[in-house]
Structure formats: structure tokens, C-alpha cells
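The values are calculated or read from the model by the stated rules, or taken from the named source; none is laboratory data. Model, not experiment: these values are computed from the prediction. A quick note on method: Cβ atoms are made from the backbone with ideal geometry, for glycine too, and the neighbour counts reach across all protein chains shown.
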Amino acid sequence: MNKVMDDNLLKRYEEVKGLIEGYCKTNLSEEFAGLCIRAIDKVIETNEKGFSKGRLEGWACGAVHALAGVNFYFEKFSKINVKASDLYKSFNISSSTALSRSKEIRDGIIGADIKDWVTEENRSTLKEIAYNIAREAIYIENYEERINEAYFALSLYDRCVDAMLIIADEEIMDLNKKKEAYKLALDAGYDEIKEDFESFRGNFWSIKETQPYMLAKFSYGDLLWALGEKEEAIKEYTEMIELNSSDSQGIRYILINWLLEMNKDEEVEKLLATYSDDATAIFKYARALLSYKYGDLDKAKDELKEAVKVNSFIPPYLLGYKSMPKSLPDYCEAGDEKEAIMYCWYSLSAWRSILGSLQWLRKNYR
């Protein structure tokens with residue numbers, strides 16, 4: 001503290017400092033106490049008159065509360081947990097007074113850039129904290145809060161792929177800007193794992209560190225297809241299956257329809273053979289469609305019969321007897337109507353691209 005203080009101010013400062021040190025010695029750490037005291041120093045430098053007023057316990061508790069928030073001590077994922085109610089009780093102060101002082105310190109002293117106000121331990125785990133914040137943000141219902149949390153995560157770690165994806169997914173921007181945003185996320189995800197990329201090959205997604213990259217690759221490929229860059233989209237999704245042979249993300253269910261639409265029949269055959277045990281409606285309808293395309297109508301009819309047994313909701317949507325919703329359902333179960341909607345969302349163009357397939361379906365699905 002460089003500021004020259006009169007006796008009353010100095011006494012007040014020393015008492016607040018003592019309260020902070022006493023609490024932190026019992027509950028937190030000497031390093032954390034130092035951050036709180038530095039915040040009080042800044043308060044005096046910028047607002048000496050304000051600091052001269054109010055209960056000492058309010059300033060001490062406010063500083064601890066503000067810095068505990070900055071260091072995520074109130075969050076479930078933190079290794080150190082502080083309960084706000086216990087904090088107020090320790091300083092014998094009301095929550096309203098503590099929160100008022102905390103806000104004053106947080107807004108006026110700490111600001112948006114918190115990196116200089118975190119403990120050494122937290123500084124080394126800002127990346128992990130950023131990812132935790134971004135992953136929790138996905139479940140926030142309010143749009144503005146969700147976006148703000150994503151930007152906050154990026155302020156802690158500017159390569160946080162999950163936060164980048166929230167922004168790319170949800171912020172209003174034209175498709176080319178969105179493409180750039182997804183590519184930035186994809187590149188950031190690659191940078192995280194590039195040293196182990198080849199050793200991870202085949203087991204992506206099951207390895208936690210690869211998941212941000214695979215999520216970014218999914219979104220990037222999906223947008224490429226929407227932009228008409230279909231060969232590039234197929235390339236992205238084909239590589240995803242090569243990287244994750246178990247295909248935990250279900251990429252094959254989208255890719256097979258893209259391949260059918262683009263007349264890549266050999267690649268369709270290869271994909272069907274790779275997952276020959278796949279008994280989902282998506283693959284059964286794909287097998288029937290490919291057999292129809294090859295002119296093997298008896299085989300196609302038998303395969304269609306098997307497909308309808310697995311999900312009978314699909315033909316009415318493909319044939320337009322039922323209207324497709326404007327957006328995909330959040331989830332589906334095998335054989336249900338939501339699965340039919342998801343299938344038709346990705347496959348209708350493939351059926352339309354094969355001459356006569358829908359007329360054949362109309363005659364044979366019942």
C-alpha cells in the first residue's frame with residue numbers, strides 16, 4: 001500500500017486487513033488473503049471517502065466474497081468450496097451488505113479481466129475452469145446469459161472450443177461468418193491434441209481431450225453441407241469415422257445419406273459393410289434404397305419390408321403424407337416417430353435424387 005493515510009484511515013485499514021487475514025488463515029490461504037488485501041488497497045486508492053464509511057466487517061466480507069467469486073469458490077466444480085451463507089455468518093454481516101460491498105469491489109476494482117486476481121492454483125487451471133463454465137452454459141435456458149457465460153469462459157481461456165461453439169451456434173451471423181467461427185473452433189480443438197493426434201486415431205471421442213475437436217468437426221461439416229460444399233462436408237464426416245471407428249456420435253447415419261445423394265455408391269457399400277451388424281431403421285432403409293438403385297427390386301422389397309418393421313413412421317414423412325417440423329427433435333428412440341423425423345431430415349434429398357424411388361416406396365411400403 002503506497003498511499004499515505006491519516007491515523008483514522010490507517011487504523012480502519014489495519015482492522016479490515018486483520019479480519020481478512022483471520023478468516024483466510026482458518027478457511028482459505030495466505031495467498032488468497034493477499035489478493036483480498038490488494039483489492040482493499042485499490043478501494044482506498046480510488047475511493048478513500050467510500051472506504052471511510054460503513055462497517056469494517058462489510059468491507060472485509062465484501063472483499064472475500066468478490067475474490068471467492070473470481071476464484072470460483074462458490075461453484076460445485078471448484079476444489080475449494082465456500083458457502084456464501086457461512087461467509088456472512090463468519091463476519092457477522094447481512095447478505096445485503098456483503099453483496100453490496102462485493103459488487104462494488106468486483107465492478108469497480110477487479111473488472112472483466114480476472115486473470116490477475118486468481119490464485120496461482122486457479123491460474124494453472126483456468127483452461128479446465130473455462131471448459132466447466134462453457135459446459136454448464138449449454139444448459140442455461142436464457143439466451144443472453146448463455147452467450148455471456150460463453151464469452152466469460154473465453155476471457156479465461158481464449159481457445160475454449162466449447163465456448164467458441166456456443167457462440168458460433170447461437171449468435172446471429174451470416175453463414176460464411178459462421179463457417180469461419182466453426183473453423184476457428186476446429187483449429188483450436190486440433191491444437192489441443194495435435195501432439196497425440198495419430199496415437200488417438202481410431203479411439204477419438206472415447207478420449208475426453210478429443211471431444212471438443214470432434215464436436216467442432218461435426219458442426220463444421222454440417223455447415224459445409226448447408227453451404228453446398230458437399231464434397232468437403234463428406235470429407236470431414238468420413239474422417240470423423242476414421243478417427244472414431246466405434247462412431248459413438250452416430251456420424252454414419254448422416255454420412256450414408258450424403259453419400260447416396262452424391263452417387264458415391266461404392267462408399268455407401270463400404271459404410272454398410274463396416275457396420276454390417278447395424279440394425280437401425282436408418283441403415284435398413286439405406287440398404288433398401290441402394291438395392292432399388294441397383295435394380296435389384298426383389299431384394300429391395302424384402303429390405304424395405306424389414307425396414308418398415310423397425311420404423312413404420314418413416315414412409316409417410318418421406319412421401320409427404322405427414323409434414324416435417326421446422327426443427328429437429330432433441331432426442332429420439334429406436335422405432336419412434338421422432339426417429340422418423342430425424343431420418344427424413346437427412347435422407348429426403350437422397351430419396352429424391354434417385355429416379356422413381358419415392359414412387360416405388362409408395363407402392364411397396366404397406
From 350, 279, 300, grab the single residue that is touching a residue at least 24 places away in the same chain (Cβ under 8 Å) and within 21 Å of residue 225 (Cβ to Cβ).
350
A careful count of residues in the range 80-126 that are touching a residue at least 12 places away in the same chain (Cβ under 8 Å), more than 23 Å from residue 48 (Cα to Cα) and of a type in the set (Lys, Arg) gives 1
Can you list the helices (runs of 4 or more DSSP H) lying wholly within the range 12-80 that have 2 or more residues being under 18 Å from residue 116 (Cα atoms) and out of contact with any helix residue (DSSP H, G or I) (no Cβ under 8 Å at 6 or more places or on another chain)?
30-46
Considering only residues that are modelled with pLDDT under 90 and not acidic (Asp, Glu), look in the range 31-50 and name the one that is nearest to residue 120 (Cα to Cα).
46
Return the residues of the range 219-251 that are within 10 Å of residue 205 (Cβ to Cβ), among the polar types (S, T, N, Q) and under 20 Å from the mean Cα position of the chain (by Cα); say none if nothing qualifies.
244, 248, 249
Those residues of the range 137-153 which are buried (at least 24 other Cβ atoms within 10 Å of the Cβ) and either assigned by TED's automatic domain parsing to the domain that holds residue 220 or within 17 Å of residue 178 (Cβ to Cβ) (or both) amount to 150
Suppose we filter 312, 327 for residues that are of a type outside the set (Asp, Glu) and modelled with pLDDT of 95 or more; which single one remains?
312
Go through (1) in contact (Cβ under 8 Å) with a residue 40 or more places away in the chain; (2) among the small types (Gly, Ala, Ser); (3) over 27 Å from residue 11 (Cα atoms) one by one and return the number of the condition residue 60 breaks.
(3)
Tell me which helices (runs of 4 or more DSSP H) are completely within the range 89-203 and hold 2 or more residues being among the polar types (S, T, N, Q), or say none if there are none.
95-105, 143-156
Do we find that residue 156 is outside the structural domain of residue 41 (by TED's automatic domain parsing), more than 23 Å from residue 220 (Cβ to Cβ) and surrounded by 14 or more Cβ atoms within 10 Å (Cβ to Cβ) in this structure?
yes
Are any of the residues in the range 192-200 of a type outside the set (Ser, Thr, Tyr), in contact (Cβ under 8 Å) with a residue 40 or more places away in the chain and surrounded by fewer than 21 Cβ atoms within 10 Å (Cβ to Cβ)?
yes
Considering only the range 141-182, how many residues are touching a Phe, Trp or Tyr at 6+ places or on another chain (Cβ under 9 Å) and within 20 Å of residue 124 (Cα to Cα)?
6
May I ask you to list the residues in the range 67-85 that are exposed (fewer than 15 other Cβ atoms within 10 Å of the Cβ) and within 20 Å of residue 30 (Cβ to Cβ)?
79, 81
Any chance residue 242 is buried (at least 16 other Cβ atoms within 10 Å of the Cβ) and either of a type in the set (Val, Ile, Thr) or under 23 Å from residue 278 (Cβ atoms) (or both)
no
List the number of the failed condition for residue 248; all other conditions in (1) of a type in the set (Gly, Ala, Ser); (2) assigned to a helix (DSSP H, G or I); (3) closer than 29 Å to residue 270 by Cβ hold.
(2)
